[in-house]
Amino acid sequence: MNAFCEISAEKPIYPNTVLLLRAPKPQIHSKQAKMAIIPINLKDGSVVAEQERIIGIDLGTTNSLVAYIKDGQPVCVRGGDGKSALVPSVLHFTQEAAVLVGEEARNKLITDPANTIYSVKRLMGKSYRDVQAIESHLGYQVIDDDTDALVKIRVKDKFYTPVELSAHILRALKTRVETELQATISKAVITVPAYFNDNQRQATRDAGKLAGLDVLRIVNEPTAAALAYGLDKNQTEKIAVYDLGGGTFDISILQIQDGIFEVLATNGDTFLGGDDLDQALVKHFLKLLKIEEKTLTEEKNIGQEIRLAAEQAKKALSASDVWSGQLLGQLITVTRTEFEQLIGDLVQRTLVCCQNALQDAQLSTAAIDKIVMVGGSTRVPLVQAKVAAFFGKPVYNSIDPDEVVALGAAIQADVLAGNQKDLLLLDITPLSLGIETVGGLMDVIIPRNSKVPSKAGRQYTTSVDGQKNLKIAVYQGERDLVASNRKLGEFVLRDIPPMPAGLPKIDIQFILNADGILTVKASELRSGLAQSIEITPTYGISEEDMARMLLDSIAHAQEDVRMRGILEARNEANNLLLAGEKFLQQNDQILEEEEKANTKVLLTALREATKTEDKDVIHTAIEALNDYTMPLAHRAMDETIRTAMTGKGISTTNY
Ligand code: AMP
């Protein structure tokens, strides 16, 4: 409480800044937003004609699939051999500059690695800085001269963006389904990991556009998997979707209630998957063969042969108890029990992620009703057994774990085509979104794990008299100080009509649409001035960064609370110091000399207190000044009123 302020206790006076102060009564509209999102209309609000065919695409890191609804059932389109629905997410650039996609391209990984591109999904929406750490995992050249610009991939003397490369894969999938259906397809639903940020989702949408597909919806992979099992038809349920693929692991906790899907929490490890299980076997084989690991870097062919044998053995051990094979002229045997010992720690790591996700969702394992298995590596019996034991229930694994996401995407496409009217999809945002306020503090507007789409708003005011411009800087992250979070963008609300500080009412709205793209709107309610931006960050955030940001926020929680306390106390003290100086000036005639002197001493003490790193010291000094000046302020106020009543110059006595 500031003794000097006549209108509002929180009247903000803080010079030399164009930052915002929060108005006393925040307004959050998430309830209304939740109700407002019920109709599943398309992005532009148009409605798709009934019975239109929309395809579902699982654009994967290792493999991609396309599915559609045939006679009321989702089916994946299979290759010419009629067998595999998987299209390896691999591209090969031929000598003649033609682009091969899929199996043909994958065969070139060994013979012509420099012109063969894989794992493009890991690069979507990323800058060179983001991917530097994983560059060694890629056999091709990733470049950019400006580290913050979006990454490009060099093939021969040409440069390609991940969007262009993904578009090639999508085009191949489009052709595949068009050949089967003998019809032109132009609309699709594409799935992405639940942790994909705005930029990665936008990049996926752009890739679709480039491939000649109108991407009606970007759907989270776990949501699609749950849809494939028809779990939306049940009453209220909580579902864990455990997705262990070739190179990545994701766990998502979903809730389904009255046909409404919500993702409650996500967790995972971007470098944990079937490849690591293979690697554990490779190491074991090397021991049996008495070959040193460094030999593999020198003799690439030997390495490749051992890796292929390891994957073959791993797959075989999903069905039988023992595997034997000839490797480098020796007979190698490995039992399932041995294999399970080798991979025990890796499987355990996935369970730690499961525990973290449950913690985020504030749920116990017992609260989970169903567990859905996704990804080729969930065929490993130990994985199934450990996951079932962890959750204390059998797992859902009857649908092919490679196809389940694409099948769910086809169901979602069918919903959009207007063929299933009773389904809704809600997802969540993985990191908090907010703006910078005075002192560099993060003011969260949409908290992490909020449902998407969602809308939230809050009112702010200016901090300086006559302030014309307000900078609205948008951040993502969990730390209390924006400096430790990630800046998404900023804009300036210009030409606010001159008003005393604290008078303008700046309404800031965050609108996160179904694809996770954020629009920030700012309006000055008194003048009707408004401005907005759509956040399309200049570069994406890596999953590692995201995990690091979350861990950092936990590790620094105590320090952050302390810093926030100090900064808030300093802001309050600065407001009071300014108001105090003004008060002394304006009431020079009314105050006794001793009162002036005492107030000055207390002001100096407060100024000194703000230099400390102790919020209690600052608060004590604030209280001392307030306690002393409160009666003086009342007296000054009475005097002002009396003067005004007698018609004397109010302008010289007010404050
Ligand atoms: P995905 O990325 O979901 O296509 O998963 C591919 C991963 O699943 C690769 O690491 C494969 O080796 C692995 N995988 C496929 N089939 C099996 C199987 N029968 N047993 C164990 N792992 C498998």
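A compact table of results
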{"item": "Listing of strands (runs of 3 or more DSSP E) fully contained in the range 458-516 that carry 2 or more residues being under 17 Å from residue 435 (Cβ atoms) and among the charged types (D, E, K, R)", "result": "486-493"}
{"item": "Residues that are touching a residue at least 60 places away in the same chain (Cβ under 8 Å) and either within 16 Å of the ligand (Cβ to nearest atom) or touching a His at 6+ places or on another chain (Cβ under 9 Å) (or both), drawn from the range 78-116", "result": "79, 85, 86, 87, 89, 91, 99, 101, 102"}
{"item": "Count of residues meeting criterion [over 13 Å from residue 66 (Cβ atoms) and either outside any helix (DSSP H, G or I) or not polar (S, T, N, Q) (or both)] in the range 167-207", "result": "18"}
{"item": "Some residue of the range 201-214 being in contact (Cβ under 8 Å) with a residue 24 or more places away in the chain and within 16 Å of the ligand (Cβ to nearest atom)", "result": "no"}
{"item": "One residue from 258, 198, 214 being in contact with a Lys or Arg (Cβ under 8 Å, 6 or more places away or on another chain) and at pLDDT below 95", "result": "214"}
{"item": "Every residue from the range 618-646 that is closer than 20 Å to residue 567 by Cβ and surrounded by 17 or more Cβ atoms within 10 Å (Cβ to Cβ)", "result": "618, 621, 622, 625, 626"}
{"item": "Residue match in the range 318-338 (condition: more than 16 Å from the ligand (Cβ to nearest atom), small (Gly, Ala, Ser) and not assigned by TED's automatic domain parsing to the domain that holds residue 196)", "result": "yes"}
{"item": "Odd one out for residue 255, checked against (1) within 13 Å of the ligand (Cβ to nearest atom); (2) out of contact with any helix residue (DSSP H, G or I) (no Cβ under 9 Å at 6 or more places or on another chain)", "result": "(1)"}
{"item": "Checking residue 308 against (1) aliphatic (A, V, I, L, M); (2) assigned to a loop (DSSP other than H, G, I, E, B); (3) surrounded by fewer than 18 Cβ atoms within 10 Å (Cβ to Cβ), the condition it does not meet", "result": "(2)"}
{"item": "Which numbered condition residue 371 misses (of (1) among the β-branched types (Val, Ile, Thr); (2) more than 13 Å from the ligand (Cβ to nearest atom); (3) in a helix (DSSP H, G or I))", "result": "(3)"}
{"item": "Set 383, 404: member being buried (at least 21 other Cβ atoms within 10 Å of the Cβ), at pLDDT 95 or above and over 24 Å from the mean Cα position of the chain (by Cα)", "result": "383"}
{"item": "Residue under evaluation residue 413, criteria (1) touching a strand residue (DSSP E or B) at 6+ places or on another chain (Cβ under 6 Å); (2) assigned to a helix (DSSP H, G or I); (3) at pLDDT below 95; (4) closer than 24 Å to residue 253 by Cβ, criterion not met", "result": "(4)"}
{"item": "Yes/no for residue 237 being away from the ligand (no atom under 16 Å from the Cβ), over 30 Å from residue 415 (Cα atoms), of a type in the set (Asp, Glu) and not assigned by TED's automatic domain parsing to the domain that holds residue 447", "result": "no"}
{"item": "Qualifying positions in the range 434-457 - assigned to a strand (DSSP E or B) and among the β-branched types (Val, Ile, Thr)", "result": "435, 437, 444, 445, 446, 452"}
{"item": "Test: residue 227 is within 16 Å of the ligand (Cβ to nearest atom) and either not assigned by TED's automatic domain parsing to the domain that holds residue 87 or not acidic (Asp, Glu) (or both)", "result": "no"}
{"item": "Residue ranges of strands (runs of 3 or more DSSP E) in the range 97-166 with at least 3 members at pLDDT 80 or above and surrounded by 13 or more Cβ atoms within 10 Å (Cβ to Cβ)", "result": "99-101, 152-155"}
{"item": "Matching residues, the range 275-315, being among the β-branched types (Val, Ile, Thr) and within 13 Å of the ligand (Cβ to nearest atom)", "result": "282"}
{"item": "Matching residues, the range 351-368, being in a helix (DSSP H, G or I) and either of a type in the set (A, V, I, L, M, F, W, C) or within 16 Å of the ligand (Cβ to nearest atom) (or both)", "result": "351, 352, 353, 354, 357, 358, 366, 367"}
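Residues checked against (1) buried (at least 16 other Cβ atoms within 10 Å of the Cβ); (2) under 27 Å from the mean Cα position of the chain (by Cα):
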position: 501; (1), (2): yes, no
position: 507; (1), (2): yes, yes
position: 517; (1), (2): yes, yes
position: 522; (1), (2): yes, yes
position: 532; (1), (2): no, yes
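The values are calculated or read from the model by the stated rules, or taken from the named source; none is laboratory data. Keep in mind the model is a prediction, meaning the values are calculated, not measured. Every residue, glycine as well, gets a Cβ built from its backbone with ideal geometry; the counts of neighbours run over all protein chains shown.
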